[in-house]
């Protein structure tokens with residue numbers, strides 16, 4: 001894993017690389033590697049940033 005997750009900030013739009021069915025998500029918080037994301041089709045999910053590298057959407 002790279003440190004891309006460390007750059008994620010609240011308000012950024014991301015996708016989960018293994019769950020495209022969740023749709024785009026908005027980062028709510030990124031604290032100590034735990035990233036809380038509100039996904040369009042999955043609701044609020046807490047991601048372990050050491051295990052999953054979220055994909056930023058620009």
In this structure, is residue 11 modelled with pLDDT under 95 and in contact with a strand residue (DSSP E or B) (Cβ under 8 Å, 6 or more places away or on another chain)?
no
Top-ranked residue of the stretch 29-39 - restricted to ones that are in contact (Cβ under 8 Å) with a residue 24 or more places away in the chain and part of a strand (DSSP E or B), ranked as surrounded by the fewest Cβ atoms within 10 Å (Cβ to Cβ):
30
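Here's the yes/no breakdown for (1) part of a strand (DSSP E or B); (2) exposed (fewer than 11 other Cβ atoms within 10 Å of the Cβ):
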site: 9; (1), (2): no, yes
site: 14; (1), (2): yes, no
site: 18; (1), (2): no, yes
site: 27; (1), (2): yes, no
site: 41; (1), (2): no, no
site: 47; (1), (2): yes, no
site: 58; (1), (2): no, yes
Could you give me the residue pairs with C-beta distances under 6 Å whose first residue belongs to the stretch 12-23 and is more than 11 Å from residue 55 (Cα to Cα), whose second residue is surrounded by fewer than 16 Cβ atoms within 10 Å (Cβ to Cβ) wherever it lies, and which are 6+ apart or on separate chains?
22/41; 22/42; 23/40; 23/41
Quickly run through the stretch 16-32 and pick out the residues that are within 10 Å of the chain's Cα centre (by Cα) and more than 16 Å from residue 46 (Cβ to Cβ).
17, 24
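The values are calculated or read from the model by the stated rules, or taken from the named source; none is laboratory data. Note that the coordinates shown come from a computational prediction; the quantities given were computed from them, not determined experimentally. Positions of Cβ are generated from backbone atoms using ideal geometry, with glycine treated the same way; all protein chains shown enter the neighbour counts.
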